[in-house]
Amino acid sequence: TRGRVREKTLRSYEEVLRLYVRPAFGEIRLADVRPLDIQKLYSHMLAPKLKEKEEPQRSITYGLGLSARTVRYAHTITFTAFKQAVKWQLLARNPSEAVEPPRKVSKEMQALKPDEAASFLKAASQDRFSVLFELALTTGMRPSEYLGLQWKDVDTEKGIIIVQRTLSWRKGGGWYFDEPKTPRSRRSIPLPASTVCALREHRRQQAEARLKAGPAYQNNDLVFATGEGTPLLLRN
């Protein structure tokens, strides 16, 4: 898998294997894994989790209380792993082929109404990154996309933004630019005139802050950065 998928995706695969799959199959020989073993794992992942200080009920089989989406993701990873084992002739057949993952549940998209959006922008107008909220709301960009946005991607004359990278963080620390999530994620997005004006003012203020910081400022050409020029953490 390494070299075929993005670093962030690989870390996600490794985490699912470490947390859920290896504890269930770690002591079982590869050739001895049966479809029923995998199905039992999915049932355990889906079963409700016993809450702290809650008395267990005999009629309920408790598990990890994970979502169907997480279980389907685990199924994709295990299916691919067993498929590769078949290619390498370590297995005669893929046991995941006979397993039924939970069905996909599509949730209704939630969006702010125009008056709610206006109230939100008004409340955010006094924040240092008010233009970030405005850009996120008017473009629908993913957080990793607007946090990885560089000034060379912004054309204030034409009023467009070009999405061509994302910002990712390594588990042990450090950041890097990554490819967009899908080929279709590379796109040009038109901007409202008000957002263009806000971006121009934001750039002017950022230039002043960079001059004040002097050599300590790390110029990564980021549209949204800390006072030192480094990327913003989403949780902040």
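Of all residues in the range 91-101, which are open to solvent by less than 100 Å² (accessible area, probe 1.4 Å) and in contact (Cβ under 8 Å) with a residue 24 or more places away in the chain? I'd like the intermediate steps shown before the answer.
At the first step, the residues of the range 91-101 found to be open to solvent by less than 100 Å² (accessible area, probe 1.4 Å) are 91, 94-96, 98-99, 101.
Listed by number, the residues that qualify are Leu91, Pro95, Ser96, Ala98, Val99, Pro101.
Residues of the range 127-171 being assigned to a loop (DSSP other than H, G, I, E, B), within 17 Å of the chain's Cα centre (by Cα) and loosely packed, with under 14 Cβ neighbours inside 10 Å, which ones? Steps first, answer last, please.
Kept after step one, since they are assigned to a loop (DSSP other than H, G, I, E, B), are these residues of the range 127-171: 127-129, 140-142, 148-149, 156-159, 164-165, 170-171.
Add one more test, that the residue is within 17 Å of the chain's Cα centre (by Cα), and what stays is 140-142, 148-149, 164-165, 170-171.
Residues satisfying the conditions are Gly140, Arg170, Lys171.
Quick one: would you say Pro114 is of a type outside the set (Phe, Trp, Tyr) and open to solvent by less than 80 Å² (accessible area, probe 1.4 Å)?
On the way: of a type outside the set (Phe, Trp, Tyr): yes; open to solvent by less than 80 Å² (accessible area, probe 1.4 Å): no.
The answer is no for Pro114.
Please list, ordered by first then second residue, the pairs with beta carbon atoms under 7 Å, 6 or more apart or interchain, first in the range 163-192 and over 17 Å from Thr9 (Cβ atoms), second among the basic types (Lys, Arg) and open to solvent by 30 Å² or more (accessible area, probe 1.4 Å).
Note: pairs meeting the criteria are Val163/Arg186; Val163/Arg187; Gln164/Arg186.
Kindly list, by first and then second residue, each pair from a residue in the range 66-84 that is modelled with pLDDT of 90 or more to a residue that is assigned to a helix (DSSP H, G or I) and of a type in the set (Gly, Ala, Ser), limited to pairs with Cβ atoms under 7 Å and residues at least 6 apart or on different chains.
Taking only residues 6 or more apart or on different chains, the pairs are His75/Ser96; Thr78/Ser96; Phe79/Ser96; Phe82/Ser96.
Mind checking which residues of the range 195-236 are over 24 Å from the mean Cα position of the chain (by Cα), open to solvent by 70 Å² or more (accessible area, probe 1.4 Å) and closer than 24 Å to Lys122 by Cα?
Selection gives Cys197, Arg200, Glu201, Arg203, Arg204, Gln205.
What number of residues within the range 51-88 are in a loop (DSSP other than H, G, I, E, B), aliphatic (A, V, I, L, M) and surrounded by 15 or more Cβ atoms within 10 Å (Cβ to Cβ)?
Residues meeting the conditions: 2.
Mind checking which pairs have a first residue in the range 31-46 that is under 11 Å from Ala74 (Cβ atoms) and a second that is hydrophobic (A, V, I, L, M, F, W, C) and open to solvent by less than 50 Å² (accessible area, probe 1.4 Å), Cβ under 6 Å, 6 or more apart or different chains?
Ile38/Val99; Leu41/Ala24; Tyr42/Val71; Met45/Leu66; Met45/Val71; Leu46/Val71
When you scan the range 215-228, do you find a residue that is part of a strand (DSSP E or B) and under 30 Å from Val5 (Cβ atoms), even just one?
Our first condition is that a residue be part of a strand (DSSP E or B); within the range 215-228, this holds for 222, 225.
Okay, now just the ones that are also under 30 Å from Val5 (Cβ atoms), so 222, 225.
The answer is yes; a qualifying residue exists.
The values are calculated or read from the model by the stated rules, or taken from the named source; none is laboratory data. Keep in mind that this is a model prediction, so the values were computed, not measured. So basically every Cβ, Gly included, is an ideal-geometry build from the backbone, and we count neighbours across all protein chains shown. Side chains included, ligands, DNA and RNA excluded: accessible areas come from the protein's heavy atoms. Shrake-Rupley method; radii C 1.70, N 1.55, O 1.52, S 1.80 Å.
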